[in-house]
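Structure first, commentary second.
The values are calculated or read from the model by the stated rules, or taken from the named source; none is laboratory data. If you're wondering where the values come from, they're calculated on a predicted model, not measured in any experiment. Backbone-built Cβ (ideal geometry, glycine too); neighbour counts: all protein chains shown.
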Amino acid sequence: MNPLILRLISQKFSPKNETNPMNILLINPNTTEHVTQRLLTQAKLAVGEQAIIHAFTAQTGPAIISSRSENAIALTEMLRLAATASAPVLPWRMK
């Protein structure tokens, strides 16, 4: 994950309160689970205990996005995952 994005997340992050943490939906638009785990690790370092991060990996599309056409293909799956999620994000709804 881009270090600038992580810095912005950690600087701007303010949960509602300690008993009701913010839910963050993290979607990896490629199908590589290892990338999702790396993003999740970095996101957890950025927000600490202030949020619950729900990470999902695309089920269809490119393994790694390396071109504009692969980006367009991955976008469809990313939007599907985002549309399926609800607030608060419930991980068991995402299959």
Exercise. If you scan the stretch 76-95, which residues turn out to be at pLDDT 80 or above and either in contact with a strand residue (DSSP E or B) (Cβ under 6 Å, 6 or more places away or on another chain) or of a type in the set (Gly, Ala, Ser) (or both)?
Worked result: 78, 81, 82, 83
For this session: Could you look through the stretch 17-65, keep only residues that are in contact with a Pro (Cβ under 6 Å, 6 or more places away or on another chain) and among the aliphatic types (A, V, I, L, M), and pick out the one that is nearest to residue 76 (Cα to Cα)?
Result: 58
Exercise. Can you pull out the residues in the stretch 46-83 that are surrounded by 11 or more Cβ atoms within 10 Å (Cβ to Cβ), part of a helix (DSSP H, G or I) and hydroxyl-bearing (Ser, Thr, Tyr)?
Worked result: 76
